[in-house]
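One structure is given here, and the rest of the page talks about it.
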Amino acid sequence: MTDSANNPIPQAAQRLSGSQLIIKLLERQGVTTISGVPGGANLPMYDALVGSDIKHILARHEQGAGFIAQGMARVTGEAQVCFASSGPGATNLITAVADARLDSVPLIAITGQVPQHMIGTDAFQEIDTFGLMLPITKHNWIVRSVEELLEVIPEAFRIALSGRPGPVSIDVPKDVQNQMIDVTEWPEPGKAIETPEFDAADVTKMMERIRAAHRPVLMIGGGIVYSGATELLREFAEKLDIPTVQTFMGLGVLPHEHPLSMGMLGMHGARYTNYVLEECDMLIGLGVRFDDRATGKVEAFCPKAEIIHVEIDHSEIGKVKNPVLSIRGDVGEVLEIANRDLEPMQRPLWQQRVAQLKEASPLILDGDDELFRPYGAIKHVANILDDSANISTDVGQHQMWVAQAYPMNRPRQWVSSGGLGTMGFGMPAAIGAALAQPDRKSVCFSGDGSIMMNIQELATAAEENLDVKIIVLNNGHLGLVRQQQTLFYDKNLSSVKFNQGTDFAACAESMGVKGVDLAKEENPLEALKTALLEHGPCMINLPISETEMVYPMVAPGGANRDMIGGEA
Amino acid sequence: METLAPQAKSVLRLTVNNHPGVMSHVCGLFARRSYNLEGIMVRPIADTDGKKSRMWLLLNEEEKLQQVISQTEKLVDVLSVEKHELEDSVFEKTQGFFNS
Ligand SMILES: Cc1ncc(C[n+]2csc(CCOP(=O)(O)OP(=O)(O)O)c2C)c(N)n1
């Protein structure tokens, strides 16, 4: 059967329902996979999905569906779609949408709504989805007629992908889904609009300043990843010989072992990294937003430095730090101009000073040769895998250990909830990564607290037979909270211990996923290797002590120079 | 009678799409970023076939004003944002309606 929906000018009008129109428009956008959960108010959309080439992933919870779509979007950079019904379906999506907002992920949430004549009557499963999504999306709609869909769906993709990416949500009342329309002309699929124009002369000015600086540092973030500017950045940093810090969202832009890389800055950065920032006379922020976990107490951040800021979102410029020079634009385009005829230079004195600080205060990865210690577990996993693996995490100590120690070597390899810090993010995001890139292993480091927040998605991973490996660094506690109570609340441990443990291997088996408990293995390293290298979903329990800490640590609200722990 | 102390106040003139939901997007932004919004006046713009509205905002945000403008400009349904003086503004002219 030929599909006239793919032909921009169909011979005759096509009569479609609103829900069929939604599916056709999504197909025309190139969507191949949608995660979601059906319910009363989105039944017509699920009816229309049958017969479509779009593959539907039936999540076990809408939050799981949202994070699965996020995982797909984070590793590909494409906008991805999730479905939920009205009321509780929509509220369950909220966390995943808010998470996408803070990490600038192009997510498109399409929800069913009660029919329009019932809106405002407290109908069954009616909530104000428009009102709830409003503060956590780039833009959102409630669609009032079937005709509007022709505009709203492409517009949703356009907005999600343009400039600084982000989530959008579309609420579709059931009567709109059922309303018929004759489609004679199809709208162009929505795509990212042109990036903002900037003055090339500003790049020249920027280069003059950077060349004149004595102790410059590059601070690179998610903007480099999203702009696809990794190669340009590497060339820029190398030719200008500038030591570089990566934000949490920028990990992987410089390879882990790159001589210019000083790893992550801020709350859990290496001591020398934060010390270098104390001394720098210029900080060049590229695709960053000066998040408080990176800057610490703002007044004390880079106290001696002039700031240069290149950023596509103009509201980020001057929000936290006032730059002496800023360029509003796509960081890749700026770097492209900057790299033209770029004369290499060297900064031997500054590099010497950086090396000195690094020598005196390096990142200490205590126990990194022992399998049952955090850094050791991470290093062993990294040694078994290669750079093709995508690495996701949940939220807690395990996340920070991975951010510090896992050798992230390429952009989009690193998939983690930065801005919202959402426990429960990791496994469904790993599922999404595996769906989008089935040839790559998808490895999720989790904690015994976080994994419980979306553990039901194990069944989804089994159903799709995905190459997802979940490694639970099991300390029997909400480790990061325990750490904070230990350090900042006089060891007054309150509600951080799980008195009832969970047998995660057995739990996985119960949902069709292979479970391995390394504590019970005679040769745990061999067992880990086998589990990681064979194809298929697997849950790996790896016990660690609850007394392990993430060091160094800057107290929330404290200055980055005042780090606790992690001394050489 | 409360007078409008001109020093601290700023007036913004927005041109917006006249959709249902635009008011929510603008007011929601001000609420969640805790910008002090002291007055708001909205009507459809004549001769635009009901497609556009003019929104006048009275703000008490001298310091953050540039940030407020940048954030407001990011709203999809906001077509333009201009800074205006309090003097002769709609807020001064309608002050009589807001006396006790
Ligand atoms: C949804 C959610 N609830 C609560 C928190 C607060 N929180 C941050 S880390 C953490 C503990 C995480 O424990 P676990 O997943 O076991 O990781 P660990 O720190 O032990 O490595 C908690 C409760 C959060 N980030 N997200």
**Request:** Provide a single number: the residues in region A:497-524 that are closer than 17 Å to A:Pro543 by Cβ and either within 14 Å of the ligand (Cβ to nearest atom) or assigned to a loop (DSSP other than H, G, I, E, B) (or both).
**Result:** 11
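So in region A:419-437, with the set limited to residues that are surrounded by fewer than 24 Cβ atoms within 10 Å (Cβ to Cβ) and within 16 Å of the ligand (Cβ to nearest atom), which one is nearest to A:Phe498 (Cα to Cα)? Don't jump to the end; show me each part of the working.
Filtering region A:419-437 down to residues surrounded by fewer than 24 Cβ atoms within 10 Å (Cβ to Cβ) leaves A:419-421, A:423, A:436-437.
From what is left, the residues that are within 16 Å of the ligand (Cβ to nearest atom) are A:419-421, A:423.
On the way: A:Gly419: 26, A:Leu420: 24, A:Gly421: 21, A:Met423: 16 Å.
Within region A:419-437, the match that is nearest to A:Phe498 (Cα to Cα) is A:Met423.
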**Item:** Within region A:438-461, considering residues that are of a type in the set (S, T, N, Q) and within 16 Å of the ligand (Cβ to nearest atom), the one farthest from A:Val395 (Cα to Cα)
**Value:** A:Gln456
**Asked** For region A:241-290, which residues satisfy the criterion of being touching a Pro at 6+ places or on another chain (Cβ under 9 Å) and small (Gly, Ala, Ser)?
**Response** A:Gly250, A:Gly252, A:Ser261, A:Gly269, A:Ala270, A:Gly285
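Conditions (1) within 14 Å of chain B (Cβ to nearest Cβ); (2) in contact (Cβ under 8 Å) with a residue 12 or more places away in the chain; (3) among the aliphatic types (A, V, I, L, M), marked per residue:
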{"residue": "A:Ile153", "(1), (2), (3)": "no, yes, yes"}
{"residue": "A:Ile159", "(1), (2), (3)": "yes, yes, yes"}
{"residue": "A:Glu208", "(1), (2), (3)": "no, no, no"}
{"residue": "A:Leu218", "(1), (2), (3)": "no, yes, yes"}
{"residue": "A:Gly223", "(1), (2), (3)": "no, yes, no"}
**Asked** Any residue in region A:394-406 that is in contact with a helix residue (DSSP H, G or I) (Cβ under 6 Å, 6 or more places away or on another chain) and under 25 Å from A:Ile34 (Cβ atoms)?
**Response** yes
**Asked** So which residues in region A:293-317 are buried (at least 17 other Cβ atoms within 10 Å of the Cβ) and either within 14 Å of chain B (Cβ to nearest Cβ) or assigned to a helix (DSSP H, G or I) (or both), if there are any at all?
**Response** A:Arg293, A:Ala294, A:Thr295, A:His309, A:Glu311, A:Ile312, A:Asp313, A:His314, A:Ser315, A:Glu316, A:Ile317
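Here is a list: A:Arg74, A:Arg144. Which entry is at negative phi and within 14 Å of chain B (Cβ to nearest Cβ)?
Working: A:Arg74 fails: within 14 Å of chain B (Cβ to nearest Cβ).
Exactly one of A:Arg74, A:Arg144 is at negative phi and within 14 Å of chain B (Cβ to nearest Cβ), namely A:Arg144.
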**Prompt:** If you take just the helices (runs of 4 or more DSSP H) that sit entirely in region A:419-489, which of them hold at least 2 residues that are within 20 Å of A:Ser35 (Cα to Cα)?
**Reply:** A:426-436, A:458-463
**Item:** Single match in B:Ser89, B:Ser10, B:Ser100, B:Ser70 (criterion: touching a helix residue (DSSP H, G or I) at 6+ places or on another chain (Cβ under 6 Å) and farther than 25 Å from A:Asn140 by Cα)
**Value:** B:Ser10
**Complete:** Of (1) over 22 Å from A:Ala462 (Cβ atoms); (2) free of Cβ contacts under 8 Å to residues at least 40 places away in the same chain; (3) assigned to a helix (DSSP H, G or I), A:Ala527 satisfies every one except (1)
**Request:** Please work out which one of (1) within 14 Å of the ligand (Cβ to nearest atom); (2) touching a residue at least 60 places away in the same chain (Cβ under 8 Å) is the condition A:Glu464 fails and give its number.
**Result:** (1)
**Fill in**
Only one of (1) away from the ligand (no atom under 11 Å from the Cβ); (2) in contact with a Pro (Cβ under 6 Å, 6 or more places away or on another chain) does not apply to A:Ile471, and that is (2)
**Prompt:** Under 9 Å by Cβ, and 6 or more places apart or on different chains, what pairs join a residue from region A:397-409 that is within 10 Å of A:His268 (Cβ to Cβ) and away from chain B (no Cβ under 14 Å) with one that is away from the ligand (no atom under 14 Å from the Cβ) and part of a loop (DSSP other than H, G, I, E, B)?
**Reply:** A:Trp401/A:Leu365; A:Ala403/A:Leu251; A:Gln404/A:Gly269; A:Gln404/A:Ala270; A:Gln404/A:Leu363; A:Gln404/A:Leu365
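Does A:Lys469 fit the bill of being among the basic types (Lys, Arg) and either more than 30 Å from A:Val253 (Cα to Cα) or surrounded by 24 or more Cβ atoms within 10 Å (Cβ to Cβ) (or both)? Steps first, answer last, please.
Working: among the basic types (Lys, Arg): yes; either more than 30 Å from A:Val253 (Cα to Cα) or surrounded by 24 or more Cβ atoms within 10 Å (Cβ to Cβ) (or both): yes.
Yes; evaluated as a whole, the condition is true for this residue.
Residue-wise test of (1) part of a loop (DSSP other than H, G, I, E, B); (2) surrounded by fewer than 17 Cβ atoms within 10 Å (Cβ to Cβ); (3) at pLDDT 95 or above.
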site	(1), (2), (3)
A:Leu335	no, no, yes
A:Pro344	yes, yes, yes
A:Leu357	no, no, yes
A:Glu370	yes, yes, yes
A:Tyr375	no, no, yes
A:Val381	no, no, yes
A:Val395	yes, no, yes
A:His398	no, no, yes
A:Val402	no, no, yes
**Request:** Please verify whether region A:192-208 includes one or more residues that are in contact with a Ser or Thr (Cβ under 7 Å, 6 or more places away or on another chain), of a type in the set (Asp, Glu) and surrounded by 15 or more Cβ atoms within 10 Å (Cβ to Cβ).
**Result:** no
**Asked** How many residues, within region A:494-510, are in contact with an Asp or Glu (Cβ under 9 Å, 6 or more places away or on another chain) and not charged (D, E, K, R)?
**Response** 7
**Request:** Would you check which residues across region A:438-466 are buried (at least 21 other Cβ atoms within 10 Å of the Cβ) and of a type in the set (Gly, Ala, Ser) and list them?
**Result:** A:Ser442, A:Ser446, A:Gly447, A:Gly449, A:Ser450, A:Ala461
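The values are calculated or read from the model by the stated rules, or taken from the named source; none is laboratory data. In this text, all values refer to a predicted model and were calculated from it rather than measured experimentally. Counting neighbours? That spans all protein chains shown, and the Cβs are built from the backbone with ideal geometry, glycine included.
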